[in-house]
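Single-structure report; data block below.
Just so it is clear, none of the values below were taken in a lab; they were calculated from the coordinates. The structure displayed is predicted, hence computed values, not measured ones. Cβ placement follows ideal geometry from the backbone for every residue including glycine, while neighbour counts extend to all protein chains displayed.
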Amino acid sequence: MLAITVVVASIVLSCKAGLDETDLSKTSESPVQIVNDMFVVQSDNGRVSMRIEARLMEHYDNDSLSYDLFPKGISVYGYTPDGLLESVIISNSAKHTVPKKKGNEIWSAFGNVVIHNVIKRETMETDTIYWDQTTKEIYTDCYVKMYSPDGFMQGYGMRSDDHANNSILHNAFNGYVRTVQDTTVVVIDSVNFIGPFYKK
């Protein structure tokens, strides 16, 4: 259950006829809504598509845009259409920006960002990541480390779909690939092979 605390601004009137412009501008610096222990579930056709958890959310609103700050960290869980957990994103802080006119809805995550694709067993670590909900793309220009069952890669800059399925690492360096031979492969020694015994 969401515990919602609304910040109410109280103004003490003095003998002045009106408020100074500096006093009016301070109201836009204060959150219009604070949510503690946030737990949000987004569904699509009755199936869970996303789950978001955060210890604190602060909602701000001004003339040009509306945005949410998550100063104590955020955890985002993405699910497949079949309801299986597919991706997990965790960071120290985050911001969700919604322009009121033209522009894309952007999620930004900062500090110890970890993106884990549960199904593919791939993990990505970076300092800053952006998720464009309009183009359905995850991207960053920061240093990125990627771990998978096939090896390790690192570089500067990354682009991916919003489920972290098709990640493309840019400016890669000092990576390695692990090659595992299939144990079901049958190796035939052609020198020592006798072959089947035919009946006479």
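Key figures for this structure:
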item	result
Karplus-derived HN-Hα couplings along the stretch 107-116 (A = 6.51, B = -1.76, C = 1.60, θ = phi - 60°), whole Hz, x at Gly and Pro	9, 10, 10, 10, x, 6, 7, 10, 10, 10
For 160, 49, 64, order by how many other beta-carbon atoms lie within 10 Å, fewest first	64, 49, 160
For residue 105, distant residues with modelled amide H under 5 Å away	133, 134
Within the stretch 59-105, trypsin sites (Lys or Arg not before Pro) in DSSP loop having at most 14 other beta-carbon neighbours inside 10 Å	72, 100, 101, 102
FRET E, pair residue 72, residue 174, Förster distance 41 Å, beta-carbon r, rounded to 0.05	0.75
Diffusion coefficient, µm² s⁻¹, Stokes-Einstein with Kirkwood Rh over alpha-carbon pairs of the stretch 118-164 at 20 °C and 1.002 mPa s	192
